[in-house]
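For reference, the structure discussed in these notes is given below.
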Amino acid sequence: MHESSRFGLGGVEQSAGTDGEREESAQEKKARLAQRYIENKIIAPNESVGADTEKEISEYYEKLSPRERAESLYNKVMAFRADQQEKETGETQEPAPADPMLISEIKVLVSDSAVRELFPKTYGEARLDAKKLRSSEVDHLWQSLETEIEQKSEDYEETERKVHLQTLAGKGDVSTAKSRMARLANNLTSLERRKSNLEHLVGHEKTAENTDLAAHFQYETLKKYKQEYDKGFTWLPHCERIHKKTIGVLLNGRWPVLIGEAGSGKSDQADAAAIELTGYPPTTIECSQKTGEKDLIKDIAIDSKTGGSYEQYGPLMQAMTGYEDSRQTEPSVKTGRIVRFDEAYLIPHDSSAYAIIKRARQVKPGDLFYGKPVLPGACAIWTTNPPGVRYPHRYSPDPAMRRELAEIGVDYPPMSNEKPELFEFALSTLMDSNFQINAAKRELAPAYETKEVTDAESRVLPDGRKIVAKDELVGNMTDRRHGALWRFCGAVKALQESFVYGNANVEKYPDSLLRFTRDADGNVAVTTDGTGEPLTINATITLGELATWMIGFNERRQKRDEDFRVDTLTEWLNFKINAYVDQSDEGDKKKIRAIFEHFNFLSSDIPQIENSLPLTPKEVGYLSPRVARPVHLGEPQVAGEVDVKQEVAKDAVEYKTRQVLLEDGYRVLIKEAPYTLGDFEVSIGGGFMRNEEDFVFVGVVEDAQSENNGVPVGRPEGGEQLYVVVNAVELKTGVLQHFRRSMKTEMTSLQKNVAEFEG
């Protein structure tokens, strides 16, 4: 689904203008059209509930932030439209009238002035972004690559299945099919590389017009993850890599052994491989030390109709022969299936089950297996937890069987600045059914620092703009400047690593594994200087559990228990972490708490997000650090250009000091004094731009104990509530941007006055 359909309420397209003024009017027009649609097409023709109930609805929504109210309105309208479309397509036999409660909720929300104000700033902007994307040649290319990759992947998998199941007529067909697979594989590799290059802007400058496209591509990827999760399995990049290895091993005639910790997705990976190669999910065997012939091959059962006995075939027999029981004269399927052995390493080498499995490994299509012919394509996938102290009584394969197997490690998704898969999975599961994320941006996004570019990086673009600075991701995932979700995913990955190495037999632990110390009272603290013991635990948070936490945040308002109904994602994560710690083993509680405290959770610091705005699709895409941030651009100085300078005050001045609240929830002292930047200074009240928003310089941090001592501070031009700390490069770049925009505005006004005078 393209974002162009997201807020299609007015049914009228309006081209965006070429300058900021026309674009803003287009946004306002979209909002007016949306409001007119809501009032005329939803509220007016439908019944609502009484005034008393609407008053209760209004009182409830007054407790939510304007962002949450705007998000609620969008969801209510989309629910109404979904019902209408269902009626129009005739999917309901007797179309019911619209729910009066839904109409009243929409009525209350659309009458809210704060909600109405947000529409041109968010949903109108999203529509304009979508309009630009639809007209972009790069977007057209990306969409066509997506379609071609999907079509060729289906073609490849269909041919691959025919080869594996030996359903082709003769050797010539087999040879042709294998050649076709080789060509498709090469073609897919080329297409996927081209698509990846587009997404990562290879060969393109990291200007805003290009990075906006990359953000759009990332948003579409997150939507795909959401849709996949709703179907049962999310194809993250590391899952794709494991899948390709699994398929490759099976096509080479060996059986894969998927080795990984609990909740790492071994069974899902095995099922996906089975379906791709055979068209059927696998038969399954829960292995144990007592697994025997009855579990694998056959057991006696009683026919409920005749009272006679028959043989009920086990999962291995079913997969190898297609027969489900001895009463059948023909197999249920004509080709073999894959059998999944769960915890295969629990079967002892000297057991009858192990001998049966060895026999199954040696038979070929057409051979008799317990009196029935083996079907082509029949094979197996093993899964197991890794051998170690946590999982006793595991038996690695003997040398003869080892030659028939190939071990494949299945780890939890990576979480790093370069491969933030855990974070992207969390974002996708935070999406609602309309692919919105109903949380504040500053609780989600990783933090960046603006840094001047080197001489080698500072170049002039063809349009005359010059690269002067770039944003770099703050490398330390525990840094308080990061959004709560980014830090949380870092903590979960640290927790998973401590869990994995709690079972590993290694001589040396990796540097990434956390260390800890314990004081005389038994309190645990994570160390940051490399000292202390390796921090290992016996519990973790799996991908499935992480998803339930994210989904729970979206559903928290519905809970009867007041503890669930928190306002911020930070509070929700703290609530879930505390519950998780309380339910952990005594030996792990303090260690797990120490991990989350290391990532700055479980404190009383809650971010102030009252003035946050709903996220547009482009902003959602930008949340992932895979998306390059736009470089900061300046223009080369030309002859006659006025320098942006202010005279430095020569007389000593006594400046006022006051306390302010930063956007991350911390209070600091600031000194209301100018800030010198090389050969010019920024005065109190001076304007600058940050993330395309207008800010006002208010002073510098005045705290000798703070790492930000002497660093500039600004606030949004429209309000006093939230203050931000900015570095020197960011301030300098922002001042120049603000100056150039002001000069452009004044020049435009002057030209208009001259034109009116001459006219």
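Details
- Of the residues making up the stretch 483-515, those that are under 23 Å from Tyr622 (Cβ atoms) and assigned to a helix (DSSP H, G or I) are Ala484, Leu485, Trp486, Arg487, Phe488, Cys489, Gly490, Ala491, Val492, Lys493.
- Condition check for Arg361: surrounded by 15 or more Cβ atoms within 10 Å (Cβ to Cβ), outside the structural domain of Gly292 (by TED's automatic domain parsing), out of contact with any Leu (no Cβ under 8 Å at 6 or more places or on another chain) and outside any loop (DSSP other than H, G, I, E, B): no
- Every pair of residues 6+ apart whose Cβ atoms lie under 7 Å, when the first sits in the stretch 146-165 and is closer than 16 Å to Lys224 by Cα while the second is surrounded by fewer than 17 Cβ atoms within 10 Å (Cβ to Cβ) and among the charged types (D, E, K, R): Ile149/Glu192
- Residues that are among the small types (Gly, Ala, Ser) and in contact with a Gly (Cβ under 9 Å, 6 or more places away or on another chain) do not occur anywhere in the stretch 269-284.
- Within the stretch 278-301, considering residues that are out of contact with any Ser or Thr (no Cβ under 6 Å at 6 or more places or on another chain) and part of a strand (DSSP E or B), the one farthest from Tyr370 (Cα to Cα): Glu286
- Here Val474 fits the description: outside the structural domain of Gly734 (by TED's automatic domain parsing), modelled with pLDDT of 90 or more, β-branched (Val, Ile, Thr) and within 20 Å of the chain's Cα centre (by Cα).
- Test for Ile247: is it at negative phi, in a strand (DSSP E or B) and in the same structural domain as Glu404 (by TED's automatic domain parsing): no
- A single entry from Leu222, Leu213 fulfils the requirement of being within 17 Å of the chain's Cα centre (by Cα), among the aliphatic types (A, V, I, L, M) and outside any loop (DSSP other than H, G, I, E, B): Leu222.
- Residues satisfying the stated conditions in the stretch 146-184, i.e. over 20 Å from Gly253 (Cα atoms) and either modelled with pLDDT under 90 or assigned by TED's automatic domain parsing to the domain that holds Thr335 (or both): Ala169
- Residue check, Ala70 in a helix (DSSP H, G or I), among the small types (Gly, Ala, Ser) and surrounded by fewer than 17 Cβ atoms within 10 Å (Cβ to Cβ): no
- Among the residues examined, Glu228 does not qualify as surrounded by 18 or more Cβ atoms within 10 Å (Cβ to Cβ), charged (D, E, K, R) and touching a Phe, Trp or Tyr at 6+ places or on another chain (Cβ under 8 Å).
- Near pairs, Cβ below 7 angstrom, 6+ apart or cross-chain, from the stretch 47-74 (of a type in the set (Val, Ile, Thr)) to any residue that is buried (at least 18 other Cβ atoms within 10 Å of the Cβ): Val49/Ser104; Thr53/Ser104; Ile57/Ser104; Ile57/Glu105; Ile57/Val108
- Hey, Thr536 at pLDDT 90 or above, exposed (fewer than 14 other Cβ atoms within 10 Å of the Cβ), out of contact with any His (no Cβ under 9 Å at 6 or more places or on another chain) and part of a loop (DSSP other than H, G, I, E, B) or not: no
The values are calculated or read from the model by the stated rules, or taken from the named source; none is laboratory data. Not measured: the values here are computed from a predicted model. Positions of Cβ are backbone-derived with ideal geometry, glycine not excepted, and every protein chain shown enters the neighbour counts.
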